[in-house]
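Enquirer: If you scroll down you'll find the structure; I have some questions about it.
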Amino acid sequence: MIHVLSHHNSFNIPETIFNTEFKLSFNYIGNFLVNNYIGPSGCNAIDKTCRNSFKKGYSEAIERRALMIGGYTNQKEYVDAYNLITKNIESIPVEYSRFKNTSPFYSDTTGTAAHPKSEYAVYKAVVELLEKNSLFLFWYGLVGKRLDVSCMNSELVRSLQHQGKIVDFYLNDTFYPLNTVITIIHNGKDFIYSGGVAGSFNIYKAVLSSLEEAYLLMWQNYFHEKISSNNYFSRPFDSKDYYTALRHIENVQGEEKVSTRKDFSNKPSINRLIEELPCWIKSLHIIMLRHTLNIPLKICLAFSKDLNNHIPLKKRIDLDTTINKCTINLDINKLEKLPECVIV
C-alpha cells in the first residue's frame, strides 16, 4: 500500500487554516489478477484538506478493486441488479459488473462509487455514468455551449491564467437538472494540459468540481512525465491531436452565463434525477460490488445497455448504442472524421 501527498515537492504538509491551496494525493493499494488482467489501481485525489484528499483517493482505489471482483452472483455467472427505471430486481450477466475490455458493453471504472450510505453511493454512481455520456455528446456531437464563469472569481482560474494557461468551460445539460461541466486547460494553440468533467444539480458546484479534476489530472500528467524520464510514460496524444481537438471544439455554438442557470442546489436526489431522464433510457441497473476489505462502505456500479459505460474513446464506441441512435446518430464515416476525445 503506497500513499503520496505532495505539495510543491513537499511531502510533509501540516494542517493549518493558513494553507488554503489544494492538496494532491496519489494512492496505490494493488489490485487483483482476473483473466490475465490486472485492474487499474493507482488513484489520484484533490481537496483543500489532507485528510479528505487521502479519503477520496483511498475510496477510489477501493472502487477499482471491487470492479475487478464484480457483483454478488445469485446463480452461475449472473448477478442481481436493481433497475432504477422499472423499479424491478433483474438478473444480468456477472461480466457486466466487472471491468470489461471487450465488446459488447465495454466497461471501465465509469459509474462506480463508494460511500457509507447506500443512497449517496447510488447517486454518485449514476451521476458519474451520466457525466461520461454527456462528454460523449459534447465531444462527438458538439452538444453543449460555452459557459461564462467570470462572475465566480475563481482563485484557481486566476492562478492558471497567471501561468499563461487558458481555461475554458462548457456545459451539457442533456440530463437536466444535472448540469455537466467540461473544463479544458490548454495553451490556445496546440497543447491541452488536461480536462475535467463533473455533474451536479448546482451549476457552481459542477464548475468547481470540473475545474478541480482538470487541475488534478494536469498534476498527474506532470508527475508521470517527471518521474518517467526513461520513456516508461508518454502522453497518448501529440501536438497534432491537440491542435485538431482545439479547432474542433471551437465549433461549439452558444454561450451562457453561469449566473443565469436555475439553482437546484437544495434538491439533488436520485429520485429526481431518474424521473427526468430521457425516455429512451429503458434500463439503468445498480449492482452492489463485492470487496475484500473490512470497511463500512457500500460500493456500487451503475450500468446501462442504453449508455456508454466507459470513457468515450473512439475505438470503444458502439454506434448501435441507444444514446447514439437517439441523439447525435453517428455513423462510421462521421466518427472517423472526428478527432479523438482527449479528455481521459
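Enquirer: Determine which aspartates and glutamates satisfy two conditions relative to Lys298: a Cα distance under 15 Å, and not lying fewer than 8 residues away in the same chain.
Expert: Within reach: Glu60, Glu63, Glu119.
Enquirer: Here's a follow-up. At a Förster distance of 41 Å, what's the computed FRET efficiency of Lys282 paired with Asn101, Cβ-Cβ distance as r, to 0.05?
Expert: In this case the efficiency is close to 0.95.
Enquirer: Which lysines does Lys337 reach when only Cα atoms under 24 Å apart count, and residues fewer than 8 places away in its own chain are ignored?
Expert: Partners found: Lys132, Lys145, Lys189, Lys240, Lys314, Lys315, Lys325.
Enquirer: Same structure again: Check Tyr78: other-chain or 5+ apart residues with amide H under 5 Å from its amide H, H built from backbone geometry?
Expert: When sequence neighbours closer than 5 places are left aside, the close amide H contacts are Val94.
Enquirer: Based on the mean of other beta carbon atoms within 10 Å per residue, what is the order of 81-91, 327-337, most packed first?
Expert: Per-residue mean Cβ counts within 10 Å order the peptides as 81-91, 327-337.
Enquirer: Could you point to the residue in Ile85, Val127, Tyr204 farthest towards the positive end of segment 68-227's charge dipole, with +1 and -1 charges on the Cβ of Lys/Arg and Asp/Glu respectively?
Expert: The residue sitting most towards the positive pole is Tyr204.
Enquirer: Just in segment 260-322: which trypsin sites (Lys or Arg not before Pro) are loop by DSSP and have at most 11 other Cβ atoms within 10 Å?
Expert: Passing sites in segment 260-322 are Lys262.
Enquirer: To make sure I understand the rule: partners must be lysines, Cα under 16 Å from the Cα of Lys267, and not fewer than 8 residues away in the same chain. Which ones qualify?
Expert: Output for Lys267: Lys124, Lys205.
Enquirer: Turning to a different aspect of this structure: Report the calculated FRET efficiency for Lys189 and Gln75 (r = Cβ-Cβ distance, R0 = 35 Å), to the nearest 0.05.
Expert: 0.05
No lab work stands behind these numbers, since they all come straight from the coordinates. Keep in mind it's a predicted model, so treat the numbers as computed, not measured. Quick reminder, even Gly has a Cβ in these numbers, built from the backbone with ideal geometry, and neighbours come from all protein chains shown.
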